[in-house]
Protein chains: 2
Amino acid sequence: MTYEGVVSSHVQSAGDRIAFIVLDGLGGLPDKPGGRTELESAVKPNLDRLAKGGQTGLIDPVAPGITPGSGPGHLGLFGYDPLTHIVGRGVLSALGVGFPLETIDLAARINFATLDAEGRIVDRRAGRIPTEECEGLVALLDGMEIPGVRVFVRAEKEHRAVVVFRGEGLEDALSDSDPQATGVPPEIVRAERPEAARAAEIANRFIDETRKRLAAETRANGVLLRGFARYRPLPTFRERYGLRAVALALYPMYRGLARLVGMEVLDVKGGASSLFEALVAHYNEYDFFFLHIKDPDKAGEDGNFAEKKKAIEAVDRLLPRLDDLPDKLVIVTGDHSTPAIMKSHSFHPVPFLMNGRLVRPDGTREFGESSSAAGSLGRFPAREILPLALAHAGRLKKFGA
Amino acid sequence: MTYEGVVSSHVQSAGDRIAFIVLDGLGGLPDKPGGRTELESAVKPNLDRLAKGGQTGLIDPVAPGITPGSGPGHLGLFGYDPLTHIVGRGVLSALGVGFPLETIDLAARINFATLDAEGRIVDRRAGRIPTEECEGLVALLDGMEIPGVRVFVRAEKEHRAVVVFRGEGLEDALSDSDPQATGVPPEIVRAERPEAARAAEIANRFIDETRKRLAAETRANGVLLRGFARYRPLPTFRERYGLRAVALALYPMYRGLARLVGMEVLDVKGGASSLFEALVAHYNEYDFFFLHIKDPDKAGEDGNFAEKKKAIEAVDRLLPRLDDLPDKLVIVTGDHSTPAIMKSHSFHPVPFLMNGRLVRPDGTREFGESSSAAGSLGRFPAREILPLALAHAGRLKKFGA
């Protein structure tokens, strides 16, 4: 029997509710030698209070040393091994723009590119055209008619877009058309298994047609496709953990990742406070609340130490909204670190705190990277979070007699 | 996808250089109840400084409770699971005497032994003859002529030697001739698979011929062979980690282990200081420097607590040689513990420190067993060292979007 198997087969439906609060990019680094991190230097009385009354540790969302993208980072938090559950680039792009994928959909990431008169790639990013220009180009391609297939094209940012082919039997064993090089023409999409022959034909037909529709463009007169991927939803939170789970997230990517594991997604508008309000308003309807806050990651990616600190402080001020909710387990962590001094996601393990009536307090005195390193949960893989959450919510039965 | 697979496929060639300093047998035990270990009682301002500005933990080179030999210990440090990558005794012996193995070589460990008139084993170690006597016996056997095969025999220490058969198609599925008992004759070497039939024939022919050549000896008049093993180099550091790796080691065993994983080996003469000098002199030529210092292990094996402490202090005094090298990650650890009070390798996890610009300092105040146990890396398997090293050297790309 596997660990996952024991957890799934020992779930019981009654128990405390779980508020799973993800501060995107939470972990950080000091901005000067001997200094404190973004989290450690933030004024955060409520996080500190939760840590003091609870238990802390450091998580590796994927594995030690691995820098998680948003997809693998969240799958890790949700307890789906990111090394075995690979979400293809095309599907992640479609999730990222909030496209409502269906199980027959085949998605691919698009780069708008500049081709010369002979069809060779001059610029793989078409001079990084502005997003508005990308949206205009997408309108030229969306809804293209290919027999037996519906074609959806959506803009991401700048030169980036996504195409979704909806039709029966479109397999994703396809090579990229993007050669990841300039001075050569885009490649023909090839089926890497016989079953994908029709999908390859459709992808190539789409690419040919884009050349005609983009012929008048000077910069973005071609497309490069990569990361063909079928949409394959994962076993749901209900199936694996017996949880009625809901996502409270403002950004499409995270709403999409939540949908991938079968969470309901509430349509919340507004800032972070509206997420907390929605949690309170719907507290009796669900068992598990995935609340996602993007701001710390954004500030970290911008290299703005002070802004990241403020983003954490803003969440801290919202936490008391949960104080009066009965029978709850509160978890606060992140999907990866985004140290402002690195301006990027990083591999550093992420602070984790858990507070609830069955949590054994470990004497942590504040919530931070160093204090969490000394927390009683130690350094642990993210795949243990959900089992720990279920257990501390009183939702796992005894194993064996 | 496996952890190792993600690491290999996300390596990038640029990044900080990695100085990987292995103090053989570093971990220890207090020499009296309530006392400090060899490392903890050493005066080691530079190790303490690196620990203070960095991160510490405790590694299990093989697995908890397992006492590593030099081979498994180093394979663990290098990120090759010692439980799946078994280096046969014969190959380890050949590496240990610095014999330049080739991929067609079949090696076996020899014991010189005393046989009685009926050919029964009287002493499996021939009275532990001195090494000089062993060298004389080896000269009688080396270069023995067997058609289609070259035979090399080299002395180790006392009654120990190694034989290498060089020829095409010599498989190593062979039983030992050493019955590990006295009062019985040596066994015939048997092929455990049909492909090894020729190798068995050659091994038995070698054994027969040694009886003739050693007939005049009183003590060492026979040989016992065990641990037949073909030389199989492992995937290289370049292949697995994208690293140009070099070994700076004075002892043949460690030079051989480094060669096994594709490291270049510099021909360094002198003491430990010459290793550090070589690192500085060749700093621009490689990405990864495996610097091996044997002295702490030797003192530990001798049961000399004070001498082991001094050996650590001697390395500490050399560390400032690295101070002016730019863009580096420094790692200091050991391949196993060798507590002086045990006079042997032990299973105790080994202190580990890492210091570099992307390392999140964890408040460690000195380098020692107890302080490392409280370090933010926690207790972790050695196979995570290289992924962590690559990550902290900025040499691993993001996994997933």
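Just so it is clear, none of the values below were taken in a lab; they were calculated from the coordinates. These numbers come from a predicted model, not from an experiment. Here the Cβ positions follow ideal geometry from the backbone for every residue, glycine too, while neighbour counts run over all protein chains shown.
For (1) surrounded by fewer than 24 Cβ atoms within 10 Å (Cβ to Cβ); (2) in contact with a His (Cβ under 7 Å, 6 or more places away or on another chain), each residue gets a yes or a no:
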{"site": "B:PHE347", "(1), (2)": "yes, no"}
{"site": "B:ARG357", "(1), (2)": "yes, no"}
{"site": "B:SER372", "(1), (2)": "no, no"}
{"site": "B:LYS397", "(1), (2)": "yes, yes"}
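If you go through segment A:245-285 one residue at a time, how many are closer than 18 Å to A:VAL91 by Cα and not in a helix (DSSP H, G or I)? Reasoning before the result, please.
Step one: of segment A:245-285, the residues closer than 18 Å to A:VAL91 by Cα are A:251-263, A:265.
Narrowing further to those that are not in a helix (DSSP H, G or I): A:251, A:261-263, A:265.
Summing the residues that are closer than 18 Å to A:VAL91 by Cα and not in a helix (DSSP H, G or I) in segment A:245-285 gives 5.
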The residue that is surrounded by the fewest Cβ atoms within 10 Å (Cβ to Cβ), considering only those in segment B:317-340 that are within 22 Å of the chain's Cα centre (by Cα) and farther than 22 Å from B:LEU243 by Cα, is B:PRO339
Among the strands (runs of 3 or more DSSP E) lying completely within segment A:104-213, list those that include at least 2 residues that are over 19 Å from A:GLY227 (Cβ atoms).
-> A:105-115, A:121-123
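Scan segment A:355-364 for residues that are touching a strand residue (DSSP E or B) at 6+ places or on another chain (Cβ under 7 Å) and within 14 Å of another protein chain (Cβ to nearest Cβ) and report the count.
Pass one, segment A:355-364, residues touching a strand residue (DSSP E or B) at 6+ places or on another chain (Cβ under 7 Å): A:355-356, A:359-362, A:364.
Now narrow it down to the ones that are within 14 Å of another protein chain (Cβ to nearest Cβ): A:362, A:364.
Residues in segment A:355-364 being touching a strand residue (DSSP E or B) at 6+ places or on another chain (Cβ under 7 Å) and within 14 Å of another protein chain (Cβ to nearest Cβ): 2 in total.
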Taking B:GLY15 as the residue in question, decide whether it is in contact (Cβ under 8 Å) with a residue 40 or more places away in the chain and within 13 Å of chain A (Cβ to nearest Cβ).
-> yes
Within the set of pairs 6 or more residues apart or between chains, which connect a residue that is more than 7 Å from chain A (Cβ to nearest Cβ) inside segment B:380-401 to a residue that is in a helix (DSSP H, G or I) with Cβ atoms less than 7 Å apart?
-> B:ALA382/B:GLY76; B:ALA382/B:LEU77; B:ARG383/B:GLY76; B:ILE385/B:LEU77; B:LEU386/B:TYR241
Among (1) without any contact (Cβ under 8 Å) to a residue 40 or more places away in the chain; (2) surrounded by 24 or more Cβ atoms within 10 Å (Cβ to Cβ), where does B:ALA306 come up short?
-> (2)
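Residues are listed down the side, and each one gets a yes or a no for (1) farther than 15 Å from A:PHE112 by Cβ; (2) surrounded by fewer than 20 Cβ atoms within 10 Å (Cβ to Cβ):
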residue: A:CYS134; (1), (2): no, no
residue: A:ALA139; (1), (2): no, yes
residue: A:PRO147; (1), (2): yes, yes
residue: A:ARG150; (1), (2): yes, yes
residue: A:HIS159; (1), (2): no, no
residue: A:VAL163; (1), (2): no, no
residue: A:SER175; (1), (2): yes, yes
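Looking at segment B:24-37, can you tell me whether even one residue there is farther than 30 Å from A:ILE86 by Cβ and within 14 Å of another protein chain (Cβ to nearest Cβ)?
Taking segment B:24-37 first, the residues farther than 30 Å from A:ILE86 by Cβ are B:24-37.
The next check asks that each one be within 14 Å of another protein chain (Cβ to nearest Cβ); those that pass are none.
The answer is no; no qualifying residue exists.
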Residue set A:PHE289, A:PHE352; condition outside any helix (DSSP H, G or I), within 22 Å of the chain's Cα centre (by Cα), under 17 Å from A:VAL22 (Cβ atoms) and within 14 Å of chain B (Cβ to nearest Cβ); output residue A:PHE352
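Considering A:LEU225, A:LEU250, A:LEU266, which residue is surrounded by fewer than 23 Cβ atoms within 10 Å (Cβ to Cβ) and in contact (Cβ under 8 Å) with a residue 24 or more places away in the chain? Even if it seems obvious, please write down each step before you answer.
Numbers: A:LEU225 fails: surrounded by fewer than 23 Cβ atoms within 10 Å (Cβ to Cβ); A:LEU266 fails: in contact (Cβ under 8 Å) with a residue 24 or more places away in the chain.
On inspection, the qualifying residue turns out to be A:LEU250.
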What number goes with the only condition from (1) more than 9 Å from chain A (Cβ to nearest Cβ); (2) of a type in the set (Phe, Trp, Tyr); (3) outside any loop (DSSP other than H, G, I, E, B) that B:PHE367 does not pass?
-> (3)
Single match in A:ARG160, A:ARG89 (criterion: within 14 Å of chain B (Cβ to nearest Cβ), under 17 Å from the mean Cα position of the chain (by Cα) and of a type in the set (Lys, Arg)) | A:ARG89
Do you know which residues across segment A:48-69 are farther than 23 Å from B:ARG379 by Cα and within 7 Å of chain B (Cβ to nearest Cβ)?
-> A:GLY69
Among A:ASP48, A:ASP16, which is the only one that is charged (D, E, K, R) and touching a strand residue (DSSP E or B) at 6+ places or on another chain (Cβ under 6 Å)?
-> A:ASP16
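Out of B:GLY242, B:GLY227, B:GLY271, I need the residue that is under 22 Å from B:VAL315 (Cβ atoms) and of a type outside the set (Lys, Arg). Which one?
B:GLY271
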